[in-house]
Structure formats: structure tokens, C-alpha cells
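Just so you know, all these numbers are worked out from the coordinates, no wet-lab data involved. Keep in mind it's a predicted model, so treat the numbers as computed, not measured. In this analysis, Cβ positions are derived from the backbone assuming ideal geometry, glycine residues included, and neighbour counts consider all displayed protein chains.
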Amino acid sequence: MNPIWVVGMGPGGEAQMTLQAREVLADCDVIVGYTVYVELLKKLLPDKEYRTTPMRQEVERCRMAFEEAKNGSKVAMVCSGDAGVYGMAGLMLELTEEYPDCLLEIVPGVTAALAGGALLGAPLGHDFAVISLSDLLTPWEMIEKRLRLAALADLSLCIYNPSSKKRADYLQRACDILLEVIEEERVCGLAVLIGREGEHGEILTLRELRERQVDMFTTVFIGNSQTRKCGGRMVTPRGYRIVV
């Protein structure tokens, strides 16, 4: 069997890459990935062979990895964060029927919800939902439904892909949906450039979040009804201090 490792490389910084991911990448001959993520890896592993495709060529990228493995190379398909969270693990597994001689191993990584949460404090200390605002593959109507139901369920929210040049008002639209259910003073947070130069976090209200311009390098956190600021950090209590 020809092995392929599908590797979650974390949010961007070497310090947030797991030891397992680092060891697998060091052992591979060829690394396949989205152009932006591969450029980050080239600084760490300049001697590897790299194969890339731009965004929206995910199927071609996966087939490229399988073909490299069929030719006898040790191959890693890399994704930012965790390979199974908005990553390529699912698509790679879907395509395995076409490549029965290839064996996949999924290597977990630190996703932005975890790394960004640590930057802000503990915003995901209780039940939460992760929702992407990108409608490239998911209809906006479905995203809107998920936002509304998560708010009604009083879940903390972590929002990926909150805005882009073509989706400049999507975070504002999402906030308007949430404000139908949630008070405007709800504690929220921004984690920006996680694991990269310029990394920083900010605590703000849902009202303030609605007016904020963000980009694809920002992960948004929206607390539940119990979330509060503690010492300048965002905390969603688990309930340990509640006396029954």
C-alpha cells in the first residue's frame, strides 16, 4: 500500500504544529497543499518537493497527492488547522475508492477555534458550535438557519471565514441574525493572525462586532448567555463554581 498522510499543520506558526505533524512532514518526500499554506511550510522545510493548487481546485489537489503516492513518493497532503475541520481529510477519504492501493492516515492539528480560544481566554468552556460564513459550498440560507438555531440553543459560537473582499458584509449579516435572539451587549472576541506575526486578540460586544471590518485571517467568537470578561479575558464558565 502507498501511504498518504493528511496533515493538519495548525494555524500557521511552528509552535502550534503538533509533534506528530512535524515528524510526518519531515519524513515525507512530497508535500501537497493550497498555495498559501505551502508557502508557510517552505520556510520550515525548504528541501521538500512541493505541489500546489489555488483555491477551488481541491479535487485536482487531492488527485495530485494520490498520483504522487502511486509513483512511489511518501506524500503529505497539508491543511491549515485540523485536516478534518473544513480541511481535506473528508475529500481525500471520498476519493480512496478510486485509488485502492493508497492508504490514508489522518494527522490531527490545532484548529483556529482552539488556538484562537486560547488567545482570548476560555470562550469555549461549555457547549459550542463552529460555523463558517463562506457560502462557496454551503448556501447562505443554510448558514443563516444554523446561526439562528445555535443562538436559540444558547451555544457559544466560533465563526470561521467571517469576511472576504467578495463577502464584505457577511459578518454584519450574521450579527443581524444573531441580534434577533441575542442581546447586543453579549461578550464577543476576535482572534487575528493566529500563530503568525501580528497575532492579537480583542474583546468586544456583539453591537461593536457588527460594525467591525474583519478579514479571512480573523476568527470570531460569540459567547453564550453566561460568557463574561474576567481580567480582560473572555470566559464561558463550565459551572464548576455553582453550588447545588
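Per-structure values
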| read-out | value |
| --- | --- |
| Any hit, segment 109-123, residues being polar (S, T, N, Q), surrounded by fewer than 22 Cβ atoms within 10 Å (Cβ to Cβ) and under 18 Å from the mean Cα position of the chain (by Cα) | no |
| Residue count for segment 168-189, restricted to those that are within 14 Å of residue 133 (Cβ to Cβ) and either touching a residue at least 60 places away in the same chain (Cβ under 8 Å) or not in a helix (DSSP H, G or I) (or both) | 2 |
| Condition check for residue 127: acidic (Asp, Glu), over 19 Å from the mean Cα position of the chain (by Cα) and at negative phi | no |
| Pick from segment 1-26, criterion loosely packed, with under 13 Cβ neighbours inside 10 Å and in contact (Cβ under 8 Å) with a residue 40 or more places away in the chain, ranking: nearest to residue 116 (Cα to Cα) | 15 |
| Given (1) part of a helix (DSSP H, G or I); (2) more than 22 Å from residue 175 (Cα to Cα), number of the condition residue 143 does not satisfy | (2) |
| Residue match in segment 27-47 (condition: closer than 21 Å to residue 164 by Cβ, without any contact (Cβ under 8 Å) to a residue 12 or more places away in the chain and either of a type in the set (D, E, K, R) or in a strand (DSSP E or B) (or both)) | yes |
| Residue that is surrounded by the fewest Cβ atoms within 10 Å (Cβ to Cβ) [pool: residues in segment 194-217 that are among the aliphatic types (A, V, I, L, M) and in a loop (DSSP other than H, G, I, E, B)] | 216 |
| Candidate set: segment 152-167, residues that are in a loop (DSSP other than H, G, I, E, B) and not hydroxyl-bearing (Ser, Thr, Tyr); chosen: the one nearest to residue 220 (Cα to Cα) | 162 |
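Residue by residue, here is whether (1) over 16 Å from the mean Cα position of the chain (by Cα); (2) more than 17 Å from residue 86 (Cβ to Cβ); (3) not aliphatic (A, V, I, L, M) holds:
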position	(1), (2), (3)
23	yes, yes, yes
30	yes, yes, no
34	no, no, yes
41	yes, yes, no
